[in-house]
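*Asks:* Have a look at this one before I ask anything.
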Amino acid sequence: MYAKDVAKYLGMTRKNYCHYEEISYEYCPLPVLEKLALLYKIPVTELMDDYHLFLYNGQGNSVLQLRKFLHLTQKEFAEKLHVDKCSVRCWEKEYHRMTRPTYEALFVQKILG
């Protein structure tokens, strides 16, 4: 399929779709991934990198488990990451999505581990 055809199927411009294809966006919304998975008749997880799998499988529990493993309060965890305590609470409750750079620092580079 051509990018223009996939973009049309997704209901977006070719230019916008190409940004997802070239990985110039740090995040691809789950509804877009689900439509692509349907189009290609594959499980949605086949389209996900580690960051998207982290979000899909529940970032909240992963953040909470890491924080508890490090024996840190939300405030202490936030201070070490130079973010507001509210950010940590929102990540754990899955009210807000953790950004890719923060995910990579915590779970790939393991800056606190």
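*Asks:* Please list Arg67, Arg14 from largest to smallest accessible area, probe radius 1.4 Å, with all protein chains kept in place.
*Replies:* Arg14, Arg67
*Asks:* Moving on. Val44: net charge of surrounding residues, Cβ under 13 Å, Lys/Arg +1, Asp/Glu -1, itself excluded?
*Replies:* Once positives and negatives cancel, what remains is -1.
*Asks:* On to the next question. Can you give the Kirkwood hydrodynamic radius of the chain from its Cα pairs, in Å with one decimal?
*Replies:* 15.6
*Asks:* Here's a follow-up. Tell me the net charge near Ala3. Cut-off is 14 Å between Cβ atoms, Ala3 excluded, with +1 for each Lys or Arg and -1 for each Asp or Glu.
*Replies:* Taking every other residue near Ala3 into account, the sum is +1.
*Asks:* Suppose every K and R has +1 on its Cβ and every D and E has -1 on its Cβ; what is the size of the dipole of the stretch 27-113 about the Cα centre, in Debye to the nearest 20?
*Replies:* It comes to approximately 220 debye.
*Asks:* Could you look at the chain and say what percent of its accessible area is carbon and sulfur, using a 1.4 Å probe and all protein chains?
*Replies:* C and S atoms contribute 53 percent here.
*Asks:* In Å², what does the accessible area per residue of the stretch 22-113 work out to with a 1.4 Å probe?
*Replies:* On a per-residue basis, 65 Å².
*Asks:* If you find the alpha carbon centre of the stretch 1-69 and of the stretch 79-98, how far apart are they in angstrom?
*Replies:* For the stretch 1-69 versus the stretch 79-98, the Cα centre distance is 22 Å.
The values are calculated or read from the model by the stated rules, or taken from the named source; none is laboratory data. Because the structure is a prediction, the values reported are computed rather than measured. Using ideal geometry, Cβ is built from the backbone for each residue, glycine included, and neighbour counts are taken over all protein chains shown. Just the protein is used for accessible areas: all its heavy atoms, side chains included, with ligands, DNA and RNA removed. Shrake-Rupley method; radii C 1.70, N 1.55, O 1.52, S 1.80 Å.
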